[in-house]
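Reviewing the structure listed below.
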Amino acid sequence: LRRKLRTFLDIYDKCRKMEKHISMDELIRMILKETGYRTYAAAMPAGLQRAANLDMLIEKAVQFEKSSYQGLFQFVRYIDNLQKYKVDFGEVNIFGEAENTVRIMTIHKSKGLEFPVVFLCGMGNQFNMGEQRERIVQHSTFGIGLKKQDTQYHTTADTLMANVIKNALKRDALGEELRVLYVAMTRAKEKLILTGRIDDPERAEEICRMCGGNKNKKAGEPEPASKIGYGSLVNARCYLDWIIEALDESVPITAKLVTPASMTEKEIKAEEEFSRRLSDIGELWERGVYENEEKIFEPDVRRLMMERSGFTYPYEYLNRLPAKLSVSEIKKAYMEEMMEEKGEELIREEPVVPLIPEFMSGQEKVRVQGARRGTNYHRIFECIDYKRITKDFSAGKEEGDNILEDMIDDMVRDGRISREDADTVDRRDIALFLESSIGRRMKEAADGGMLFREQPFVMDVPARELGYESSEDINDDILIQGIIDAYFIENGEIVIVDYKTDHVYRKDGSDLADKYRAQLLYYRKAIEQITGKRVREVVIYSVTLGRVIEL
């Protein structure tokens, strides 16, 4: 044990010394080389896939170094945020797109991947609800639920709280199953085939009758609905229940009631046919079957085989389309295009100042990096308790300053922001925001329960809209994801607010509007799709200018 610990500490000290002088990808390569972890991972089951995933981590580190963020500390925070917002890049595709292979994988491993044809099997398998059958159930919101035990009659029964928690656990589990089903059904590019088996004969006959059209329906039976009711959602036992409920008569579906006897007979016939076709290749060669290949195939069969072997996939360009983009990546591409058109530098980036701990710098204070400062401001804006802001709140007044300082102290005490990060935020900037017209409108919305902050979204956008090669014959949408700082509902319409701490070089803030216009347009589309309400305003609140910039 002492030898192992000494080896570990030697590697740790060596990496710690080199961390200040090398990039993140070089540091990861160094760790993998010194520990031999990549070799270890490659020797495990599915080692090729594991090693490829480690290589992808290095590639992500290279991309990270090209951004304005630098250093191990910022990289760790970047990984934490990926986990916080559940951003999953999926596994590396170790097979070439052109390979003629059939891939079998779980739904979770298919995230981020797409295929021309997808078979989604096992739709009739029941959901795992074992967590609800535990003697003690627990929930992050409702706490712990116990069974009530009657010592006189030696019986047990669920308490009211246990029933509440079990219902909440069931809703959470079904919500997760819905998300998994969405992932599975969006993996197919051209064709999606759903298969499922139901062991209950009565339920199977009912489904066959539903899929057979109106002529097989009993009197008084409801038509298949295109939208699933809440009762059908929560009472479903498998994916197939949801699929059947959601079908309408325009959807082609084949349902067949198979008995064990007919299934066995079919399998026996198929096996006999397969065995009859198998022959020893060596024996065929000795018999001279391959002496003249022209005699093997008829002309029509040969022509068909030649056509198929020379087939060119018409949608090869889809291989170059990304499966998912963030709004930040779209904004970056939009800015690059504008710079090419105008031939001038639109935004001058702030020089990156590395974060150096105070005890190492020998200085009392160290200038905060721009990205970290922006994150701290966003965190404060996210956690503002508008109920504590009075209507006559004013910056500079002792009462207002005390309210703001007490609120930030509570954020630090609750662990929502560190004291170090909170001290990088100028209280006057927060006070000016609360005193501004948009700040007062957001307070009114918050008082009425109409303010929503840090709203994540995922939406489909046609590839041609993003400037990629596309076709009108197929659905080649790209997933766009992002997080909206805040929006509120005012007079039945929506106002989107985006906080920005960037330096502004034009007094009217038009450079800031140009920089983020594309990003905020997608925010508008996403919110309108999510809520079904019209977005009346999209505004940027510039901390630097201390005022609102309208798009």
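Numbers below:
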{"item": "So ASP473, is it modelled with pLDDT under 90, more than 20 Å from THR375 (Cβ to Cβ) and in contact with a Leu (Cβ under 7 Å, 6 or more places away or on another chain)", "result": "no"}
{"item": "Identity of the residue in region 11-25, under 30 Å from the mean Cα position of the chain (by Cα) and of a type outside the set (S, T, N, Q), that ends up surrounded by the fewest Cβ atoms within 10 Å (Cβ to Cβ)", "result": "ASP25"}
{"item": "Pair list, Cβ under 8 Å, 6 or more apart: region 70-88 residue outside the structural domain of GLY112 (by TED's automatic domain parsing), other residue among the hydroxyl-bearing types (Ser, Thr, Tyr) and surrounded by 11 or more Cβ atoms within 10 Å (Cβ to Cβ)", "result": "PHE75/TYR69; TYR78/TYR69"}
{"item": "Number of positions in region 486-500 that are over 19 Å from GLY448 (Cα atoms) and either more than 28 Å from the chain's Cα centre (by Cα) or surrounded by 19 or more Cβ atoms within 10 Å (Cβ to Cβ) (or both)", "result": "2"}
{"item": "Which listed residue, of ASP158, ASP199, ASP172, is in contact with a Gly (Cβ under 9 Å, 6 or more places away or on another chain), of a type in the set (D, E, K, R) and within 30 Å of GLY122 (Cβ to Cβ)", "result": "ASP199"}
{"item": "Any hit, region 185-201, residues being of a type in the set (Ser, Thr, Tyr) and modelled with pLDDT of 90 or more", "result": "yes"}
{"item": "Wholly enclosed helices (runs of 4 or more DSSP H) of region 26-132 bearing at least 3 residues buried (at least 16 other Cβ atoms within 10 Å of the Cβ)", "result": "47-65, 71-84"}
{"item": "Every residue from region 145-196 that is touching a strand residue (DSSP E or B) at 6+ places or on another chain (Cβ under 7 Å), in contact (Cβ under 8 Å) with a residue 24 or more places away in the chain and loosely packed, with under 15 Cβ neighbours inside 10 Å", "result": "GLU190, LYS191, ILE193, THR195"}
{"item": "Single condition ILE136 does not satisfy, out of (1) surrounded by 12 or more Cβ atoms within 10 Å (Cβ to Cβ); (2) more than 30 Å from GLN49 (Cβ to Cβ); (3) touching a strand residue (DSSP E or B) at 6+ places or on another chain (Cβ under 7 Å)", "result": "(1)"}
{"item": "Test: VAL543 is touching a Ser or Thr at 6+ places or on another chain (Cβ under 6 Å) and of a type in the set (A, V, I, L, M)", "result": "yes"}
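The values are calculated or read from the model by the stated rules, or taken from the named source; none is laboratory data. Given the structure is predicted, the values throughout are model-derived calculations rather than measurements. Note: ideal-geometry Cβ built from the backbone for every residue, glycine included; neighbour counts use all protein chains shown.
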